[in-house]
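A.B. asks: Handing you this structure, nothing more for now.
Derivation of every value follows stated rules applied to the coordinates shown; laboratory data play no part. Every value quoted in this text rests on a predicted model; they were computed, and no experiment measured them. All Cβ positions, even for glycine, are placed from backbone atoms using ideal geometry, and neighbour counts span all protein chains on display.
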Amino acid sequence: MIDRRNPPGLFNRLYGRTGWSLFFAGLAVTCALVPLLNLVVPESSVFHLPDYWVALIGKIMCYAILGLAMDMVWGYTGILSLGHGIFFALGGYAFGMYLMRQIGHDGTYHSDLPDFMVFLDWKAYPWYWTFTDHIAYALLLVVLAPAALALFFGFFAFRSRIKGVYFSIITQALTVALMLLFFRNETGFGGNNGFTDFKRILGHPIATAGTRMVLFCLTALVLLGMMLVLRYVVTSKFGRILMAIRDAEGRIMFTGYNPLIYKLAIWTFSAMIAGIAGALYVPQIGIINPGEMSPGNSIEIAIWTAVGGRGTLIGALIGAVIVNGAKSWFTQAFPDYWLYFLGALFILTTLFLPKGVMGLIDKLKVRT
C-alpha cells in the first residue's frame, strides 16, 4: 500500500535514512573541519583555511536558508516572488540595529548615536529604534518586521487574486520602492552606506575567531533546523494543500478550501525564514545596506531555486551553493562576465534542466 503522506520518488529517496544521514554528516563535518582548519592549522600550512573562506561558507549557508524560503512559496505553492530580497534585508537591518547600538562610544565621534546619525546632526534615536539595544527585542524584530510586511502586502495581493507574472511584477516593484526608501538618509538606516563597523555581539568582540566560529556553527544549526521544519511542513496535510494550490487552485476552491489563507500563511512564514537568514548574514559579513534589496538580488534567489530544482528543498540548498560558489570565483577571475554567465545558466536550466540539478540526478538514478 502506498503511503500518500510520503509518496515514493525523489523526495523520499533524498529524505530517507540514507539522505538524512548524509545531510547530518555533511553539516557535522563542516562544523568540525572548518574551525579545525581555520583555528588549529597554522597559517603557514597549505591546509590552513583563511578567514575569507569561513565568511564565504557562512554566507552561502545563509543564502541556502534564503533559498529554502523561496522554494516554499515557488516550488511548493507556485508563487514566484521576485521580492524576497526585501525580507532578507529587513531581517538584516533589524539585527543590524542591535549591532549598531552595541558599538557604544567606540565610533569615530565617540557618541551614543551611530556615526551616520552624528554626521547628519541627529540629536536622538528615531522612535523605531526604541528597545533595539536589547537582543531579545532585536531577535523578535528580525521575524516580525518581514512577517508584518509580508502579511500586509500578501493579504491585498492574494485577496485580489493576483497571481503568475503579475504577482512577480508587483513584488519586484515593491523591492525597488523599499530600496529607494532605504537609500534616503532621513529614514535613519544609514542611507547608501547602511550599517557597518560592528564591534560587539552580546558583549563579545565580533571580529574574534571564536565569535566567528560560534556564528558559523549557529548558521549551520539553523540551516539544519529549517530543513527539518520545512520537511515536516511539506509532508503534512498543509503541505499537500499547498501543492494542490500550485497544481490546480481552482479545484481546491471547489472542494471547500480557501486558498487565500494557505497562501498568506506560507508567504508570511517564508518571509520570516528570509529574515532569519538576513540576521545571520549581517554579523558574519559585517555590513548591510540597501543594495541587498536590489531587484537583481531577488532575481538571483529565484535562479538558485531553479538551478537546484524546485519543490525538493534540498535543490534550493544545492542551487544556492552552486550559483554563489560560481559567483565568488567569477567575480574574482572574470568580474565583467558574471552577469552573462548567470543569464546563460538560467536560460540553459530552463531549456534543458526544467527540474534543475535534482531532476537530472533523478533521471540518472532511474537509468541506472
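A.B. asks: State which residue is farthest from the chain's Cα centre (by Cα) when the search covers only segment 108-152 and only residues that are assigned to a helix (DSSP H, G or I) and hydroxyl-bearing (S, T, Y).
C.D. replies: Y128
A.B. asks: Continuing with this model, one more query. So which of I287, I261, I276 ends up being out of contact with any Leu (no Cβ under 8 Å at 6 or more places or on another chain) and crowded, with 24+ Cβ neighbours inside 10 Å?
C.D. replies: The match here is I276.
A.B. asks: Which condition number in (1) among the hydrophobic types (A, V, I, L, M, F, W, C); (2) under 30 Å from Y232 (Cβ atoms); (3) touching a helix residue (DSSP H, G or I) at 6+ places or on another chain (Cβ under 7 Å) is the one that L120 fails?
C.D. replies: Going through the list (1) among the hydrophobic types (A, V, I, L, M, F, W, C); (2) under 30 Å from Y232 (Cβ atoms); (3) touching a helix residue (DSSP H, G or I) at 6+ places or on another chain (Cβ under 7 Å), L120 breaks only (2).
A.B. asks: Given segment 231-339, what helices (runs of 4 or more DSSP H) lie entirely inside it while holding 1 or more residues that are acidic (D, E), over 28 Å from Y93 (Cβ atoms) and in contact (Cβ under 8 Å) with a residue 12 or more places away in the chain?
C.D. replies: By residue number, 237-254.
A.B. asks: Which residues, taken from segment 162-187, are outside any helix (DSSP H, G or I), free of Cβ contacts under 8 Å to residues at least 24 places away in the same chain and either among the charged types (D, E, K, R) or over 15 Å from S81 (Cβ atoms) (or both)?
C.D. replies: R184, the sole residue that qualifies.
A.B. asks: While we're looking at this one, here's another question. Scan segment 208-220 and tell me whether some residue there is surrounded by 15 or more Cβ atoms within 10 Å (Cβ to Cβ), hydroxyl-bearing (S, T, Y), under 23 Å from V34 (Cα atoms) and in contact with a strand residue (DSSP E or B) (Cβ under 6 Å, 6 or more places away or on another chain).
C.D. replies: There is at least one residue in segment 208-220 that is surrounded by 15 or more Cβ atoms within 10 Å (Cβ to Cβ), hydroxyl-bearing (S, T, Y), under 23 Å from V34 (Cα atoms) and in contact with a strand residue (DSSP E or B) (Cβ under 6 Å, 6 or more places away or on another chain).
A.B. asks: Next up: Criterion first (surrounded by 19 or more Cβ atoms within 10 Å (Cβ to Cβ), touching a Phe, Trp or Tyr at 6+ places or on another chain (Cβ under 9 Å) and of a type in the set (V, I, T)) does I170 satisfy it?
C.D. replies: No.
A.B. asks: What about I288, is it closer than 30 Å to N185 by Cα, touching a Gly at 6+ places or on another chain (Cβ under 9 Å) and hydrophobic (A, V, I, L, M, F, W, C)?
C.D. replies: yes
A.B. asks: Return yes or no: is V357 in contact with a Gly (Cβ under 7 Å, 6 or more places away or on another chain) and closer than 30 Å to N185 by Cα?
C.D. replies: So V357 does not fit the description; no.
A.B. asks: Given (1) closer than 30 Å to R246 by Cα; (2) in contact (Cβ under 8 Å) with a residue 40 or more places away in the chain; (3) part of a helix (DSSP H, G or I), where does G96 come up short, assuming only one miss?
C.D. replies: Checking G96 against (1) closer than 30 Å to R246 by Cα; (2) in contact (Cβ under 8 Å) with a residue 40 or more places away in the chain; (3) part of a helix (DSSP H, G or I), the one that fails is (1).
A.B. asks: Given the criterion more than 30 Å from T187 (Cβ to Cβ), surrounded by 22 or more Cβ atoms within 10 Å (Cβ to Cβ) and not polar (S, T, N, Q), identify the matching residue among G325, G319.
C.D. replies: From the options G325, G319, the qualifying one is G319.
A.B. asks: A further question follows. Restricting the search to segment 340-358, which residues are over 17 Å from M70 (Cβ atoms), of a type outside the set (S, T, Y) and in a helix (DSSP H, G or I)?
C.D. replies: Once the filter is applied, which keeps residues that are over 17 Å from M70 (Cβ atoms), of a type outside the set (S, T, Y) and in a helix (DSSP H, G or I), segment 340-358 yields F341, G343, A344, I347, L348, L351, F352.
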